[in-house]
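S.K.: The structure that follows is given in the form of structure tokens.
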Amino acid sequence: MQNHALVVIDIQNDITKNYKAIIDNINKAIDWAVAKKLHIVYIRHENLSAGTRTFKTGTRGAELAPDLKIMSDHVFTKYKGNALTSEAFATFIEQNGIDTFYITGADATACMKSTCYNLRKSDYEVSVLSDCISSYDLKKIEGMIVYYESKGCSILQSEDLSA
């Protein structure tokens, strides 16, 4: 399944503490991806705006969370919500012929939303692992699941992966 990738978006030290509730599921999805020989990609957000205090380049807050399993060196930095705005990530997709994505991470209402929308707009297959996503506002997760489905994403749970 070399044309498939598991993508972990913005599970960094400055992300909402709510990620703790999903980290075990994300790590299980990573184990599944390793076993299936999928590409495993980590996306990091960095804020370049002067007035922001989070995800600042070179800070501990911008580093991947310590309890996240790092199983590849495919770590790409983005400066906007959409992961495809990372030229290195877009090049990696093209060079590896990736056409199917399993999406995990945060924030469901921001960077994940933009990334899923733009992947689908580019006609990629996208599955969102609903028990592997988080948000600053957990009440919005259910509505985001509906949104992802409306854009053509499949909705799975980490337990569906082993089937």
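The values are calculated or read from the model by the stated rules, or taken from the named source; none is laboratory data. All values derive from a computational prediction rather than experimental measurement. Here the Cβ is made from the backbone with ideal geometry for all residues, glycine too, and neighbour counts use every protein chain on show. Surface areas here come from the heavy atoms of the whole protein model, side chains and all, with no ligands, DNA or RNA. Shrake-Rupley method; radii C 1.70, N 1.55, O 1.52, S 1.80 Å.
S.K.: Return the aspartates and glutamates within reach of Lys139: Cα separation strictly under 19 angstrom, same-chain partners fewer than 8 residues apart disregarded; answer none if there are no such residues.
M.R.: Hits, sequence-local ones excluded: Asp107, Asp131, Glu149.
S.K.: Next question. What is the ratio of the Cα radius of gyration of the chain to 2.2 N^0.38 Å, with N the residue count, to two decimals?
M.R.: Numbers: Rg = 14.4 Å, N = 163, 2.2 N^0.38 = 15.2 Å.
Scaled against compact globular proteins, the figure is 0.94.
S.K.: At a 10 angstrom cut-off on C-beta neighbours, averaged per residue, how do the peptides 128-136, 92-100 rank from highest to lowest? Intermediate values should be presented prior to the final figure.
M.R.: Details: 128-136: 22.6, 92-100: 14.1.
For the peptides 128-136, 92-100, the packing ranking is 128-136, 92-100.
S.K.: Separate question: Rounded to a whole number, what % of the accessible area of the range 54-163 do carbon and sulfur atoms account for, probe 1.4 Å?
M.R.: Numbers: 2690 of 5640 Å².
Ligands and nucleic acids excluded, carbon and sulfur give 48 percent.
S.K.: Taking the Cβ of Tyr102 as the centre, find all other residues whose Cβ is under 11 Å away and add up their charges (Lys, Arg: +1; Asp, Glu: -1).
M.R.: Working: positive: Lys36; negative: Glu125, Asp160.
Charge balance in the 11 Å sphere: -1.
S.K.: Divide, for the range 1-63, the radius of gyration over alpha carbons by 2.2 N^0.38 Å, where N is the residue count. Don't jump to the answer; show the numbers that get you there.
M.R.: Numbers: Rg = 13.9 Å, N = 63, 2.2 N^0.38 = 10.6 Å.
This ratio for the range 1-63 stands at 1.31.
S.K.: Given a 1.4 Å probe, how much area per residue of the chain is accessible, in Å²?
M.R.: On the way: 8030 Å² over 163 residues.
Ligands and nucleic acids excluded, the figure is 49 Å² per residue.
S.K.: Can you say what percent of the DSSP beta bridges in the chain, counting only those with both residues inside, are antiparallel? Round to 5.
M.R.: Details: 1 of 25 bridges.
Antiparallel bridges: around 5 percent, rounded to the nearest 5.
S.K.: Could you tell me which of the pairs Lys37/Lys140; Lys36/Lys69; Lys37/Lys80; Lys17/Lys80; Lys17/Lys69; Lys78/Lys121 are separated by over 27 angstrom between their Cα atoms in the structure shown?
M.R.: On the way: Lys37/Lys140 33 Å; Lys36/Lys69 16 Å; Lys37/Lys80 29 Å; Lys17/Lys80 21 Å; Lys17/Lys69 17 Å; Lys78/Lys121 19 Å.
Correct reply: Lys37/Lys140; Lys37/Lys80.
S.K.: I've got another one for you. Taking the Cβ of Ser114 as the centre, find all other residues whose Cβ is under 12 Å away and add up their charges (Lys, Arg: +1; Asp, Glu: -1). Show your work: numbers first, answer last.
M.R.: Numbers: positive: Lys78, Lys80, Lys113, Arg120, Lys121, Lys151; negative: Asp10, Asp107.
Around Ser114, the surrounding residues sum to +4.
S.K.: Just add up the charged neighbours of Lys28: K/R +1, D/E -1, any other residue whose Cβ is under 10 Å from the Cβ of Lys28.
M.R.: Numbers: positive: Lys69; negative: Asp24, Asp31, Asp131, Glu159.
Value of the local net charge: -3.
S.K.: Right, something else. At 222 nm, what helix-only mean residue ellipticity would the chain give, in deg cm²/dmol to the nearest 500, using -39500 (n - 2.57) for each DSSP H run of four or more?
M.R.: Working: 5 runs with 48 residues, N = 163.
Calculated from helices alone, the mean residue ellipticity at 222 nm is -8500 deg cm²/dmol.
S.K.: Can you tell me the FRET efficiency between Ala50 and Lys140 if r is taken as the Cβ-Cβ distance and R0 is 22 Å, rounded to the nearest 0.05? Intermediate results must be reported in sequence, preceding the final value.
M.R.: Values: r = 28 Å, r/R0 = 1.28.
Efficiency computed from Cβ-Cβ geometry: 0.20.
S.K.: For the range 120-163 and the range 22-53, write down the distance between their C-alpha centroids in whole Å.
M.R.: Going from one Cα centre to the other spans 15 Å.
S.K.: A follow-up question, please. For Arg60, what accessible surface area do you get with a 1.4 Å probe? Give it in Å², rounded to 10.
M.R.: Estimated to the nearest 10 Å², Arg60 gives 150 Å².
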